1. From the list 121, 162, exactly one residue is loosely packed, with under 15 Cβ neighbours inside 10 Å and small (Gly, Ala, Ser). Which is it?
2. What's the number of the only condition in (1) modelled with pLDDT of 95 or more; (2) outside the structural domain of residue 51 (by TED's automatic domain parsing) that residue 176 fails to meet?
3. Being within 24 Å of residue 198 (Cα to Cα), modelled with pLDDT under 95, assigned by TED's automatic domain parsing to the domain that holds residue 202 and aliphatic (A, V, I, L, M), is that true of even one residue in segment 159-168?
4. Collect the residues in segment 61-99 that are in contact with a helix residue (DSSP H, G or I) (Cβ under 6 Å, 6 or more places away or on another chain) and among the hydrophobic types (A, V, I, L, M, F, W, C), keeping them in residue-number order.
5. How many of the residues in segment 55-85 are under 17 Å from residue 150 (Cβ atoms) and either among the small types (Gly, Ala, Ser) or free of Cβ contacts under 8 Å to residues at least 24 places away in the same chain (or both)?
6. Checking residue 99 against (1) over 24 Å from residue 189 (Cα atoms); (2) in contact (Cβ under 8 Å) with a residue 40 or more places away in the chain, which single condition isn't satisfied?
7. Looking at (1) within 16 Å of residue 53 (Cα to Cα); (2) in contact with a Phe, Trp or Tyr (Cβ under 6 Å, 6 or more places away or on another chain), which is the only condition residue 149 fails?
Amino acid sequence: MTGVKEELARKARQCKGEEKKSSAEEVEAKDDTGETAGGCFPVRLLRAEEIECRIATINEKGLSLLLFKDARADQRLLDEVFTPFGWKRTHQMIDGNLYCTVEIWDREKQQWIGKQDVGTASYSEKEKGQASDSFKRACFNWGIGRELYTAPFIWIPAEKTAIQRKGDKYTSYNRFSVSSISYNQQREITALSIVNERGELVYEKKVPSANTNLKKEEPQKTGVLTLLQKKTLEKELERTGVALETVLERYGIHTLEEMTGEIYKKALQGLKKTKTKEAA
């Protein structure tokens, strides 16, 4: 126990600039995510077991997933990179909203550097949920888990999951987890595998080959429209007065997320041939 305490204290002095590293320690140790593990910065990338999956949308054809991290993953990573003595958090209310500030000891400037963000309340335990959310958001500002913003659209078709209908809503009791993940030098997700609670593979994104044109193939592969495509479609719907539900029903889909590039082209061509609602 004494040895552990001494090691933690030594690392704390290193992060605060009170102890110089030996030449051996200055050699950067790389972990399986390809990021520096031994230094005070940068923060390494999240490992597969540190990433959670949550259902975002669901219908009778399948469901989509979102990747996220919990507060415990943030705490573990802060302890690992900066040591338990090299960071701290504080909370404060501003205009009725709870903010969290995460501070890191900068050994070069010999001072604490803080980054702050606001949280949103959860459906249960409002105060606790808001505190946890503000902490996670503040950690995003430090780069912890920021790579999750580069996640692809994750669609699990109905044949790979159990979907039940309850009234006018759909639900699934399947649990999903990340089994493997890879990143490039820009800290972007390049490969991803997701399994269900039985360990069965339900989603896989492989590392693209060097001659793969991602910009052209990725939207068609995932079935997700770009922001520009969505705005163009919205403008045409507004111009013609045609309801979005009418377009979705015409092509046998229920949400805009299900619209593929091919359906988008057909729908847009049809709308452009439709007269403006004032002139109709």
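The values are calculated or read from the model by the stated rules, or taken from the named source; none is laboratory data. Note that this is a predicted model, so its numbers are computed, not measured. Because the Cβ atoms are built from the backbone with ideal geometry, glycine has one as well, and the counts that use them run over all protein chains shown.
1. Going through 121, 162 in turn, the sole match is 162.
2. (2)
3. Yes: one or more hits.
4. 67, 71, 73, 82, 85, 87, 98, listed by residue number.
5. Total meeting the criteria: 2.
6. (2)
7. Here residue 149 meets the rest and fails (2).
For (1) in the same structural domain as residue 195 (by TED's automatic domain parsing); (2) exposed (fewer than 15 other Cβ atoms within 10 Å of the Cβ); (3) modelled with pLDDT under 95; (4) farther than 14 Å from residue 139 by Cβ, each residue gets a yes or a no:
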site: 43; (1), (2), (3), (4): yes, no, yes, no
site: 53; (1), (2), (3), (4): yes, no, no, yes
site: 61; (1), (2), (3), (4): yes, no, yes, yes
site: 81; (1), (2), (3), (4): no, no, yes, no
